[in-house]
Structures are given as C-alpha cells and as structure tokens.
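To keep things clear, I will list the structure first and then write my remarks on it.
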Amino acid sequence: MRDFPVHPDEVTAQLLSEIFGRPVTSVSWEPIGTGQVGDSARFHLEGGDVPATLAGKFPAADATSRGTAAMFGLYRKEVEFYRQAAPLLDVRVPKTHLAEVSEDGAEFTLLFEDMGPARQGDQISGCGIEDARAAMRQAAAIHAPSWGRADIIEADWIQPPEDLGDKVGAMYPQAQAIFRDRYADSLEGEYMQICEDLAGLSASYFRREPEMQCLVHGDFRLDNMLFDICGGKEPVAILDWQTVTVGKAMIDVGYFLGCGIGKLGLNHEGELLDLYLGEMANRGVELTRADIAQDYRRGILHGVSTAVFSAAFVERTERGDDNFLSMARGACALALKHDSIGALKEAA
C-alpha cells in the first residue's frame, strides 16, 4: 500500500511539515505546465521557515496517458533519475524534496524546488538563439559527466527490458497508422513519407545498440525546459526526465535541433553543433564533426518517432495536435536535409 500522495489534493500541511522539519500551517495549489504524461502543480505554503512555493508532479489524470507511462516505466525512471543520477551530473535540475514511486510503477510523486519566476519553453512558439545555446550547453552537462561511466550507464534502474526494442518496433507501424489517419491532411507529403519510411524500418531502428555512450534525456525539447529561472538568476533548467535512458548522445542533439527547435535548428545548425562539441571538450570529452556524423543523422529520427508515438498513445488535445505536428515538421525537415532514412538503411 502506498504511503505517498498521488494527487495535489493529497499534499497536506502535515506532510510538508514532516518533509521540512518545520511547521507548515496551510497549503494550496494550482495546475501548471502542459505535460501530457504527468500532471504538475504549484503549491503555496504558509508557516515557518519553509519555501513560499513548491512544484509537484503526479500521475496523469487521463487513463490513456497514465497507462502508457506505466507500460514504458516512465514514472519509475523519472523518480530514479532524481534519486540516483541527478547528483552525478552537471545539468541544472530542480532540487527534490520527495521522490516516491509504487512497486508497479503506476503511481508516483515528485515534490521539488519551484524555479519561478521563470519562462516556460514553448514547442509551438519556438525560441531565440540564446535559449538554444543555453539548451545545448545543458546537453553537454548531461552527456559529458556520464560519458562511459559504468555506475551511471550500467545502473539497474535505467536498463531497458531486453525485448523492449522488439516490442516497440512491432508497435511503431500501428502508431504510424494512427498518425497518418489523423494528420494526413495537415502534414506535408514529403514529411509524412519520412514517417512512413521509418515505420517500414522500425525493426532495425528500435533494435538496441551495443554501444551505450552516456545518459540521454530522450525528450530534449523546449516544453521540457525553463528559461531565466529563479527570476533570471540562471539561464535554464531541464525538466521531465520520464524518458531518460542510456544510448548515443546524438539522440538528444539531433532531436533538439530538428524536433525541438525546427527552423532555428536548420538555420543555426553548424553554430550549435560546434558549441556543443566545444562544451563537451571543456568537460573532457573530445569529439569531432566526423566522429558524430552518422550518429547525428540517425539521432534526428528520434524526433520523428517521438512525434508519432506520442500522438498515438497519449490523450488527444488541440494543443497536443499542434505540438506533435510542430515536432514532426522540424524533425522531418532536418531528416530530409541529412538523408536520415538513408543513414538508417546503411546501418541496417
């Protein structure tokens, strides 16, 4: 039986008093964020020497989104990331006060530092080049400290099931069929063809690669970032670690430059790649453009697969439709530029 809250209403003044070891006399909350896999809230606290506000994250109210999260172990991975991995990295994430998950992974709670006032990243609106630069620096702050570290990339909590690739590869054509039916009249034909081609190659694409370079966020895009945090004292923080995994660094980089920022990534691709490589070198990992070229071409396709899967298996909303189309357009445009489908065929 769980002994932690799974809805904001269950976060009481007594619980918060126990967490902080100081009296909290009252607590209220309001919803925040646009996440579709988990629901987030901001708590307002009154009492002794305690924070004025906290942020919290809980299972999605929508049964479809909640079921998808449980099936892929998303809630457990996020909780374990904050417990075990975050202290070993340089990436800026919120300090956690409570991180709990049920045995079956279907229920969880996270209570952490409220980084407001801050500016929420917006996938649909996009961002400016300074925000993109700040994000690329954070990508290196994830990848370099975990590069080749067995205590991180071989940890039990982050290992995917052996048959996960086969299962996802089999599911992906079904997801693409839903995506096609839903967006055939909205997504440009050449972009939809990229989605179709990836579905035809899903068995090889989702096969687990033998080389695990580092920790990978897995959903490294604007909606999962806060900018000008703590009233502008710091440039950015990275949130939403349900999709954290181990793999190739270019999964995050290709995803962000295509799916994450679209045209801005196309227009500033070279600059942002060089910035990332420079940040990695400063942190002790020397890589060249040639070293990352093939992984980058394939990494771009992560944006395509994420847009398709998300559209098919989470709650459908108007903003979600706009979001998934934005992701698909950006990822497919960059995939066309670099012939990412060709790269996948070469590796098959």
Inter-site label distance for Ala177 and Glu315 at 7 Å from Cα along Cβ, in nm: 2.6 nm
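Relative to the present Cα-Cα distance, how much length would full extension add between Asp9 and Asp291 at 0.36 nm per residue of separation? Before the final figure, lay out the partial values.
Numbers: separation 282, 0.36 × 282 = 101.52 nm, distance 5.01 nm.
Between Asp9 and Asp291, full extension yields 96.5 nm more.
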Overall Cα dimensions of region 292-348 - principal axes, largest extent first, Å: 37, 19, 16
From the C-alpha gyration tensor of region 102-218, square roots of 5λ in Å: 29, 25, 17
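Ignoring any ligand, DNA or RNA, what whole percent of the accessible area of region 216-348 comes from carbon and sulfur when the probe is 1.4 angstrom? Can you show the working numbers first?
Details: 2240 of 4580 Å².
Answer for region 216-348: carbon and sulfur cover 49 percent of the accessible area.
Working from the alpha-carbon coordinates of region 175-263, get Rg over Rh, Rh being the Kirkwood radius.
Working: Rg = 16.2 Å, Rh = 15.4 Å.
Radius of gyration over Kirkwood radius for region 175-263 works out to 1.05.
If each DSSP helix of 4+ residues adds -39,500 (n - 2.57) and the sum is divided by the residues in the chain, what number results at 222 nm, nearest 500 deg cm²/dmol? Intermediate values should be presented prior to the final figure.
On the way: 16 runs with 164 residues, N = 348.
Here the helix-only value at 222 nm equals -14000 deg cm²/dmol.
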Two-decimal log10 I(q)/I(0) for region 108-157, as the Debye equation yields it once each C-alpha is a single scatterer, q = 0.19, 0.29, 0.32 Å⁻¹: -0.95, -1.04, -1.11
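Which whole-number value in Å³ per residue fits the convex hull of the alpha carbons of region 1-70? Can you show the working numbers first?
Working: hull volume 6.1 nm³, N = 70.
Cα convex hull per residue, to the nearest whole number: 87 Å³.
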Region 1-69 - percent of accessible surface contributed by carbon and sulfur, probe 1.4 Å: 51 percent
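Would you kindly give the portion of the calculated P(r) for region 37-142 that falls above 16 Å, as a percent of all Cα pairs? Before the final figure, lay out each step's value.
Numbers: 3749 of 5565 pairs.
Counting pairs separated by more than 16 Å, the tail of P(r) holds 67 percent.
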FRET efficiency, Ser26 to Ala63 (Cβ-Cβ, R0 30 Å, nearest 0.05): 0.40
Counting all C-alpha pairs of region 55-112, share separated by more than 13 Å (%): 59 percent
Hypothetical label at Ala203: residues of region 155-196 whose amide nitrogen lies under 19 Å (7 Å Cα-Cβ projection): 162-177, 196
Inter-label distance for Asp166 and Thr245, nm, one decimal - labels placed 7 Å from Cα along Cα-to-Cβ: 1.7 nm
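Compute the accessible area per residue over region 1-140, keeping the other protein chains in place, probe 1.4 Å, unit Å².
Values: 6450 Å² over 140 residues.
Counting only protein heavy atoms, the per-residue value for region 1-140 is 46 Å².
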Most fluctuating residue given options Ala63, Ala141, Ala335, as computed from a GNM of the chain linking Cα atoms under 10 Å: Ala63
Accessible area (Å², 1.4 Å probe, nearest 10) - Tyr191: 40 Å²
Whole-angstrom gap from region 127-149 to region 59-86, using each part's C-alpha centre: 23 Å
Cα pair distances of region 224-314 binned at 5 Å [whole percent]: 3, 11, 17, 24, 21, 15, 6, 2, 0
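Please state the equivalent ellipsoid semi-axes for region 248-288: what are the square roots of 5 times the Cα gyration tensor eigenvalues, largest first, in whole Å? Before the final figure, lay out the partial values.
Details: eigenvalues 77, 26, 8 Å².
Ellipsoid semi-axes (Å, largest first): 20, 11, 6.
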Extension reserve of the Glu190-Leu336 stretch, reckoned as 0.36 nm per residue once the Cα distance is removed: 51.7 nm
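How much length is gained on full extension from Gln120 to Gln84, taking 0.36 nm per residue of separation minus their Cα-Cα distance?
Details: separation 36, 0.36 × 36 = 12.96 nm, distance 2.58 nm.
Between Gln120 and Gln84, full extension yields 10.4 nm more.
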Under the Debye formula (equal points on every Cα, no solvent term), log10 I(q)/I(0) of the chain at q = 0.08, 0.10, 0.16 Å⁻¹: -0.37, -0.58, -1.54
Alpha-carbon spread of region 217-268, three principal axes, descending order, Å: 33, 29, 15
Listed residues Pro94, Pro161, Pro31, most fluctuating in the chain (Gaussian network, C-alpha, under 10 Å): Pro161
Mean separation of Cα contacts under 8 Å, 6 or more apart, over the residue count of the chain: relative contact order %: 18 percent
Accessible area in square angstrom per residue, region 281-322, 1.4 angstrom probe: 47 Å²
Solvent-accessible area of Arg119 with every protein chain in place, 1.4 Å probe, in Å² to the nearest 10: 100 Å²
The chain: most fluctuating residue of Lys248, Lys167, Lys57 per GNM, C-alpha cutoff 10 Å: Lys167
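The values are calculated or read from the model by the stated rules, or taken from the named source; none is laboratory data. Keep in mind that what you see is a predicted model, and the values were worked out from it rather than measured. Ideal geometry is used to build each Cβ from the backbone, glycine not excepted, and the neighbour counts take in all protein chains shown. Please note that ligands, DNA and RNA were not included when accessible areas were found on the heavy atoms of the full protein model with its side chains. Shrake-Rupley method; radii C 1.70, N 1.55, O 1.52, S 1.80 Å.
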